[in-house]
Amino acid sequence: ELTIDISMNLKEPNTSWKSKPVRFRFNQAETFGANTPEAYEQIVRKILQGDKSLFPSMREINESWRIVAPMLEEDLPMEVYPVRTLPRFASELAKSNGYKWFS
C-alpha cells in the first residue's frame with residue numbers, strides 16, 4: 001500500500017517567525033480506492049507493451065555517469081557544522097549569486 005508521509009515546520013500565519021510542526025499524508029488506497037494497481041504492476045505492463053517512456057536511455061545513463069563519476073572519485077572532506085545552522089559554503093554560494101540567507 002502506497003503511503004507518503006511528510007512532516008515539516010510551517011510558519012504560523014500572523015506571527016513574526018513562530019513555526020508549528022505539520023504533517024502531510026497521502027494514502028493511495030484511501031484516495032483512489034482499494035483496487036488501484038500495485039506500483040510494479042504498472043511498470044511491468046509498460047515493459048510488456050514496449051513503452052520505454054518510464055526508463056532512461058543508455059545515452060542518458062552514460063551522460064549521468066559522465067557528470068557524477070568525477071565527483072565520486074574526488075576525496076573531498078565533509079564539512080561539519082552545528083545543527084540548525086547552514087554550512088559556510090551555502091552562504092557563500094548564495095552571496096555569489098546575489099542572494100542572502102536570512103536566519
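No value in this document is a laboratory result; all are computed from the given coordinates. Quick caveat, the model's predicted, so the values are computed rather than measured. Quick reminder, even Gly has a Cβ in these numbers, built from the backbone with ideal geometry, and neighbours come from all protein chains shown.
The dipole here belongs to the stretch 1-74: it is taken about the Cα centre, uses +1 on the Cβ of Lys and Arg and -1 on the Cβ of Asp and Glu, and is about 320 debye.
Percentage of Cα-Cα pair distances in the chain greater than 18 Å, rounded to whole percent?
Working: 4052 of 5253 pairs.
Pairs farther apart than 18 Å: 77 percent.
Count Lys and Arg as plus one, Asp and Glu as minus one, and take only other residues whose Cβ is under 13 Å from that of residue 4; the net charge is then -1. The reciprocal of the average 1/r between distinct C-alpha atoms defines the Kirkwood hydrodynamic radius, which for the stretch 1-54 equals 14.4 Å. Computing FRET efficiency as 1/(1 + (r/R0)^6) for residue 68 and residue 44, where r is the C-beta to C-beta distance and R0 is 22 Å, gives about 0.20.
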